[in-house]
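**Q** Quick one: this structure, given as structure tokens, is what I'll be asking you about.
Computed from the coordinates by the stated procedures, all read-outs in this text should not be read as laboratory data. Values in this document were obtained by computation on a predicted structure and should not be read as measured data. Because the Cβ atoms are built from the backbone with ideal geometry, glycine has one as well, and the counts that use them run over all protein chains shown.
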Amino acid sequence: MAVRKVAERIARLKLSGWLSVAADGRRLFLAEDSPALAEASKLDGCYCLTTDLTPAQASQETIHERYKDLAQVERAFRTSKTGHLELRPIHVRLERRTRGHALVVMLAYRLVLELARRWRELDMTVEEGLQTLSTLCAVEVQLGKSPAVNEIPQPRASVRKLLSAAGVSLPAVLPHKGVCVSTKKKLSSRRK
């Protein structure tokens with residue numbers, strides 16, 4: 001019984017390649033296989049990747065590169081769940097709406113990657129860039145009884161650099177539809 005428990009513990013700790021247990025009456029003896037331990041010690045501090053692919057299907061370098069790509073996938077999920085994309089919480093009940101919400105978030109993530117690539121030279125993160133762009137505004141202009149238009153004032157130098165790096169050119173004026181758009185959701189009075 002004790003031998004079995006120790007053997008199970010050795011197996012659980014993944015030491016069975018170089019450590020074994022034996023019993024002599026009421027005494028237990030651990031036996032160390034020194035050559036096997038020396039061989040296993042060569043990989044101390046390293047990680048090993050195992051795969052069921054043959055060398056003809058994928059080289060060692062390809063397998064290693066795909067493993068390293070997992071960090072980018074994890075970063076994508078972290079970015080989409082936090083910060084300015086906020087994939088969760090999803091308050092939709094229908095499958096097609098959930099899929100639609102996820103698609104919009106993935107497209108937004110693609111935009112974040114593209115902005116990060118374009119703004120890398122400016123030494124600015126996407127979040128800092130979006131914060132700077134939030135100062136961009138439009139001024140409603142109406143002359144007499146003519147229809148109103150939204151005029152975009154000349155942006156600051158930092159905003160111009162961001163827009164230029166992103167490949168965006170602003171029009172001088174925008175048609176005014178009389179619609180007020182707010183990007184921040186206001187709390188209802190009963191929730192305050």
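**Q** Where the convex hull is taken over the Cα atoms of region 2-41, what is its projected area averaged over directions, in nm²?
**A** Averaged projected area of region 2-41's Cα convex hull equals 2.7 nm².
**Q** Take every Cα-Cα distance within region 4-112, group them into 5 Å bins from 0 onward, and report for each bin the whole-number percent of pairs it holds.
**A** Percent of Cα pairs in each bin: 2, 9, 11, 10, 9, 9, 10, 10, 8, 8, 7, 4, 2, 1, 0.
**Q** Across 5 Å bins from 0, what is the distribution of all Cα-Cα pair distances for region 72-134, in whole percents?
**A** Whole-percent P(r) values from 0 Å outward: 4, 17, 24, 23, 16, 8, 5, 2, 0.
**Q** Just how many % of Cα pairs in the chain lie over 25 Å apart, if you round to the nearest whole percent?
**A** Within the chain, distances greater than 25 Å cover 68 percent of Cα pairs.
**Q** Which trypsin sites (Lys or Arg not before Pro) does region 1-81 hold that lie in a coil by DSSP with at most 12 other beta carbons within 10 Å?
**A** Here the sparse-neighbourhood loop sites are LYS14, ARG26, LYS42.
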